[in-house]
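Beneath this line is the structure, given in structure tokens, with notes to follow.
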């Protein structure tokens with residue numbers, strides 16, 4: 001679906017995938033049984049992921065070179081606000097049907113999608129004669145794609161378990177009240193904002209690659225600290241992790257978009273999204289498997305799964321070294 005945007009235009013695909021994804025997600029709220037719910041969720045997720053990837057591409061293409069990271073930081077901030085609102089709703093509405101209210105809220109953005117995109121211009125269409133077959137990336141661009149995809153996959157390995165087990169670990173293992181977990185998630189908006197502000201400052205001084213490397217390293221360490229074995233470490237690690245996510249997300253989005261030419265940029269963004277999803281899935285699997293093997297109980301139950309899953313892959317930051325720094329280059 002992302003690859004179609006290289007042929008049909010960015011805005012059209014964003015509008016169609018976003019609207020369809022939100023409608024299918026909202027439909028999950030009225031599912032009569034668990035499997036219908038899973039089907040709706042499974043159908044809606046790739047549509048919304050496509051829209052998110054293409055929005056980042058549009059943001060880079062419509063921004064001046066010196067303001068790309070700043071505008072991507074605003075987009076990432078919007079995503080963080082949405083995630084925070086979902087977490088707050090999850091913490092405040094506690095009932096067997098609370099998920100229905102959460103998913104039904106997708107109706108709200110679905111209603112305003114058209115109005116939100118009305119004033120967003122279509123990025124200029126450039127050379128379309130070089131288009132490869134649907135979903136394909138030309139051989140000359142594949143080495144760069146593999147490098148960015150590998151780094152995004154590792155961040156997925158970290159982010160999948162780090163975010164996926166927050167409520168389970170906080171409420172079921174550390175026995176924190178749901179309202180306290182909601183407060184912690186809300187407070188993370190401050191560290192996330194700090195990370196977004198730092199991303200712009202560091203990217204302009206250190207460059208894209210060094211800033212991504214720093215954010216990736218802090219993400220891995222913070223996730224390990226969060227599952228270290230007590231409430232204080234959990235809170236500190238989670239807040240650090242959100243800040244690191246704010247630091248790395250806009251800079252990596254800029255780097256992973258601006259290094260590709262226009263005719264393959266959306267296709268590359270689609271494959272990079274796939275890499276992140278595969279990484280998150282692999283991370284959840286490895287994290288759970290190590291937890292079963294170690295088989296500890298109590299607050300330290302997830303300590304070794306975190307150490308084994310998060311830290312050994314941080315070396316992959318070296319894959320960024322050969323990539324070009326295009327911070328001051330206008331896109332072609």
**Request:** Among the residues of the stretch 248-275, count how many are outside any helix (DSSP H, G or I) and touching a helix residue (DSSP H, G or I) at 6+ places or on another chain (Cβ under 7 Å).
**Result:** 2
**Prompt:** Got a sec? Which of 205, 209 is modelled with pLDDT of 90 or more, under 30 Å from residue 265 (Cα atoms) and in a helix (DSSP H, G or I)?
**Reply:** 209
**Message:** Scan the stretch 208-221 and tell me whether some residue there is surrounded by fewer than 20 Cβ atoms within 10 Å (Cβ to Cβ) and on the phi > 0 side of the Ramachandran plot.
**Reply:** no
**Message:** in contact with a helix residue (DSSP H, G or I) (Cβ under 8 Å, 6 or more places away or on another chain), part of a helix (DSSP H, G or I) and at pLDDT 95 or above: is that true of residue 282 in this structure?
**Reply:** yes
**Item:** Test result for residue 160, part of a helix (DSSP H, G or I), free of Cβ contacts under 8 Å to residues at least 60 places away in the same chain and under 22 Å from residue 272 (Cα atoms)
**Value:** no
**Item:** Test result for residue 91, closer than 16 Å to residue 18 by Cα and either in a helix (DSSP H, G or I) or at pLDDT below 90 (or both)
**Value:** no
**Prompt:** In the list 45, 15, 118, 100, which residue meets the criterion of being over 30 Å from residue 204 (Cβ atoms) and under 16 Å from the mean Cα position of the chain (by Cα)?
**Reply:** 45
**Prompt:** Regarding residue 51, is this residue surrounded by 22 or more Cβ atoms within 10 Å (Cβ to Cβ), free of Cβ contacts under 8 Å to residues at least 40 places away in the same chain and assigned to a helix (DSSP H, G or I)?
**Reply:** yes
**Request:** Could you please find all residues in the stretch 21-41 being surrounded by fewer than 19 Cβ atoms within 10 Å (Cβ to Cβ), part of a helix (DSSP H, G or I) and in contact with a helix residue (DSSP H, G or I) (Cβ under 9 Å, 6 or more places away or on another chain)?
**Result:** 23, 29, 30, 36, 37, 38, 39, 41
**Residue list for the stretch 222-234, filter: farther than 24 Å from residue 319 by Cα, in a helix (DSSP H, G or I) and in contact with a helix residue (DSSP H, G or I) (Cβ under 6 Å, 6 or more places away or on another chain)** = 225, 226, 233, 234
**Message:** Which count do you get for residues in the stretch 290-320 that are touching a residue at least 12 places away in the same chain (Cβ under 8 Å) and either in a helix (DSSP H, G or I) or in contact with a helix residue (DSSP H, G or I) (Cβ under 8 Å, 6 or more places away or on another chain) (or both)?
**Reply:** 21
**Message:** Condition first: under 16 Å from residue 235 (Cα atoms), within 20 Å of the chain's Cα centre (by Cα) and surrounded by fewer than 19 Cβ atoms within 10 Å (Cβ to Cβ). Now tell me which residues in the stretch 183-201 satisfy that.
**Reply:** 186, 187, 189, 190
**Message:** Which numbered condition in (1) within 16 Å of residue 321 (Cα to Cα); (2) within 13 Å of the chain's Cα centre (by Cα) is the only one that residue 159 fails?
**Reply:** (1)
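The values are calculated or read from the model by the stated rules, or taken from the named source; none is laboratory data. Please read all numbers here as calculations on a predicted model, not as lab measurements. Every residue, glycine as well, gets a Cβ built from its backbone with ideal geometry; the counts of neighbours run over all protein chains shown.
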